[in-house]
Protein chains: 2
Amino acid sequence: MSLKHVAAVAGVSPSTASRVLAGVDRNVDPELARRVRLACDELGYRVNAAARALRLQSTGSVALVVPAIANAYFCELVAAYSHRLDAGGRRLVTIDTNETLASETRQLGAMDRVLVDAVLVVPVDHRESAAAINDVMRNHTVVQVDRVAAGAGAPSVRLDNAAGMKLLVEHLREHGRRRIALIDAQERSSSSVERVEAFRALAGPHDSVMQMASFSMSSGTEAASRLLADRGTADAVICTADVVAIGVLTALQHGGLRVPAEVAIASFDGTSLTDVATPGLTSLRSPVDAIVTASLEIIDGGTACDVVVDPALVVRGSTVVGS
Amino acid sequence: MSLKHVAAVAGVSPSTASRVLAGVDRNVDPELARRVRLACDELGYRVNAAARALRLQSTGSVALVVPAIANAYFCELVAAYSHRLDAGGRRLVTIDTNETLASETRQLGAMDRVLVDAVLVVPVDHRESAAAINDVMRNHTVVQVDRVAAGAGAPSVRLDNAAGMKLLVEHLREHGRRRIALIDAQERSSSSVERVEAFRALAGPHDSVMQMASFSMSSGTEAASRLLADRGTADAVICTADVVAIGVLTALQHGGLRVPAEVAIASFDGTSLTDVATPGLTSLRSPVDAIVTASLEIIDGGTACDVVVDPALVVRGSTVVGS
DNA sequence: CTGAAAGCGCTTACAG
DNA sequence: CTGAAAGCGCTTACAG
């Protein structure tokens, strides 16, 4: 099962066997190479990951530590990183921390059992996540993505949440909305903190904030039932995740409210979910490709900077009739 | 950065330093232990994953290779495995193969760069995936989950798809449906093959099958628009994924069809998505916990058997008024 | 072109 | 209780 066995069967030294398998060093007698490959097939040999990584001091893998892949936005991030790394002969391993600090701490603490060159992390908590992140940094290149933890020494790539919120609120104001309900979740995440703060700064006396348990469609339906309970309180809704917005949209419609006539709905993220509802969902498209590019550049280039990317407002029928 | 440095700073041998850090072997002079821990903190030392794994011949990690985490069912699987392993001091690393054989082959081929003890794989293709799976088996304990590939030598844990389809069809028939449209995707997956085959065996002259591109809500909305185009063709829909069913349900309602009065909708999976729509979605609840338990038992026990689990029909308002 | 040797960083019998 | 030594499986200068 080891290279030594293969070499023995092929009648060569481990050095030669290694050269053949690595594909490096073209200068190997074709006949010997053939024997090595034959021996591999016979023995069902596969190189040992740990030994190889120990020797090379590198792996081709990157970890992405996300709070919850059930959130469509993180799904999109996973897909984008996975695709990009795959194209470059590397791979992504995703680790879910279930939006809990305890699990995040455990998972980051155990990164020394996972073979990766770098760690991309979406911190669960805007304060408490710092310790675990600083810990992983001892061993790994780390980049904070989408969210940050105060006191964490890792570079970051994130959205300009304040600018995004401003785009959404101004868009709704332009269309006459004066009673906007912000529906948020995971209030301990830095993005929530930033968004809620930006919203309050722009809010008028009739605007309000509602906190839900999680970024999920069911949070959306639950928020909608509260909204329906005091019908008329809100003439617009902003969700901090489009997966929530989809739930809100369909549930409000079922409750008999006309969208956007009676209630306008808009959200952050702008994943492909914005297409599935009727009407389409006005959202803030996150430049996922730019985020992926910037964070991988930090990892590969070793430059430790903080990058802020701009969202773009995409107007659809959920806020403006016929869009 | 290595244990040798730590030992040097603490004024002990690497052996002693290792004993202190591993926590094993309580018989270490408390004073030496203190010095070792101090040195660790000072130097920011963290154990090297590759070296440790090479020495111990084991890691505490398990890989789950899924076709697409955008499918809510796989999200649920990820969450369940992750939670269970986390509780046992192990961890899950998830790898997405994007429902393509090429990516799956690359990812499985590169499992020798990822540090895991075992690989749980949901094969993309019911035939072509076998080669890559047999390859990984050289190095790893492998279990096929949810789908299988013909010719793959790995044990498997899966749903009784034929029984599930029978439950759904009979339920719809009992409620008078005679024109059932089966909406499927990923027809090269073993689960699709089994489900479509079971459906055809039960199908009458007015039942039909529609194949979509992917398991996503947008596939559902697209399928719905086709259904609406020839209104009256179907009086019931079975989706092979509930994420698709949610798309179908909301889009059909927007198209003016009453559910379940004019069209009944039911699906496989039974994830938490079944709650978010109105009416609730009748579905075949997959026993995710049983799947997780069975597959981890195979991994841990080393027993190589094929396990088939039974789905349970959960009736909601999408097929029977008021359920 | 090929092989013997060193070494990646760790852990654990083994001897003291 | 502690340390010197061996070895996990691989790769790559180095010498030939």
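Test of the criteria: in the range B:32-69, which trypsin sites (Lys or Arg not before Pro) are in a DSSP loop and have at most 14 other Cβ atoms within 10 angstrom of their Cβ?
none
Could you name every residue in the range B:28-53 that has 30 Å² or more less accessible surface in the full protein assembly than in its own chain alone (probe 1.4 Å, ligands and nucleic acids excluded)?
In the range B:28-53, residues shielded by partner chains: B:Gly44, B:Arg46, B:Val47, B:Ala49, B:Ala50, B:Arg52.
In the range B:56-72, which residues give up 30 Å² or more of accessible area once the other protein chains are added, compared with their chain alone (1.4 Å probe)?
B:Ile69
Taking the Cβ of A:Ala72 as the centre, find all other residues whose Cβ is under 11 Å away and add up their charges (Lys, Arg: +1; Asp, Glu: -1).
Residues close to A:Ala72 contribute a combined charge of -3.
From the Cα gyration tensor of chain B, with a ≥ b ≥ c the square roots of its eigenvalues, which class applies: rounded if a/c is under 1.5, or else prolate if a/b is larger than b/c, or else oblate?
In terms of gyration-tensor shape, prolate.
Please state the shape class of the range B:16-141: rounded when a/c is under 1.5, otherwise prolate if a/b exceeds b/c and oblate if not, all from the C-alpha gyration tensor.
prolate
In whole angstrom, note down how far apart the Cα centers of the range A:209-225 and the range B:145-195 are.
Measuring centre to centre over Cα atoms gives 33 Å.
Roughly to the nearest percent, how much of the accessible area of chain A is carbon and sulfur, given a 1.4 Å probe?
So the carbon and sulfur contribution to the accessible surface is 51 percent.
Work out the length of the dipole vector of the protein assembly as shown about its Cα centre, built from +1 on the beta-carbon of each Lys and Arg and -1 on the beta-carbon of each Asp and Glu, and round it to the nearest 20 debye.
Here the protein assembly as shown has a charge dipole of around 880 debye.
So what is the 222 nm mean residue ellipticity for chain B from helices alone, if each DSSP H run of at least 4 adds -39500 (n - 2.57) and you divide by all residues, rounding to the nearest 500 deg cm²/dmol?
Calculated from helices alone, the mean residue ellipticity at 222 nm is -13000 deg cm²/dmol.
Where the centre of each part is set by its Cα atoms, how far does the range B:37-102 sit from the range A:71-144, in angstrom?
Here the two parts' Cα centres lie 11 Å apart.
Considering the Cα positions of the protein assembly as shown, please state its Rg to one decimal place and its Dmax as a whole number of Å.
26.7, 83
How many Å² of accessible area per residue for the range B:3-47, probe 1.4 Å?
On a per-residue basis, the range B:3-47 sits at 61 Å².
Could you give me D for the range A:3-47, from Stokes-Einstein at 20 °C and 1.002 mPa s, where the hydrodynamic radius is the Kirkwood radius over C-alpha pairs? Units µm² s⁻¹, please.
216 µm²/s
How high is the relative contact order of the range B:19-165, given as a whole-number percent (alpha carbon pairs under 8 Å, six or more residues apart)?
19 percent
When each pair of different Cα atoms in the range B:161-285 is counted once in the 1/r mean, what is the Kirkwood radius in angstroms, to one decimal?
Numbers: mean 1/r = 0.0720 Å⁻¹.
Averaging 1/r across every pair of different Cα atoms and inverting gives 13.9 Å.
For chain A, what relative contact order do you get, as a whole percent, if you take Cα pairs closer than 8 Å and at least 6 residues apart?
14 percent
Ignoring ligands, DNA and RNA, what accessible area per residue does the range B:161-285 give at 1.4 Å, in Å²?
36 Å²
Over the range A:161-286, what is the relative contact order in whole percent, taking alpha-carbon pairs under 8 Å and six or more residues apart?
Worked out over the range A:161-286, it gives 25 percent.
Counting only other chains, what is the mean number of Cβ atoms within 10 angstrom of the Cβ of each residue in peptide B:214-226?
On the way: counts 0, 0, 4, 8, 4, 1, 1, 4, 2, 0, 1, 0, 0.
Rounded to a whole number, the mean comes out at 2.
Return the value, in Å² to the nearest 100, of accessible area buried between chains B and A (probe 1.4 Å, both sides summed).
Numbers: alone 15130 and 15130 Å², together 25600 Å².
Roughly 4700 Å².
The values are calculated or read from the model by the stated rules, or taken from the named source; none is laboratory data. In this text the structure is predicted, and so the values were computed from the model without any measurement. Ideal geometry is used to build each Cβ from the backbone, glycine not excepted, and the neighbour counts take in all protein chains shown. Just the protein is used for accessible areas: all its heavy atoms, side chains included, with ligands, DNA and RNA removed. Shrake-Rupley method; radii C 1.70, N 1.55, O 1.52, S 1.80 Å.
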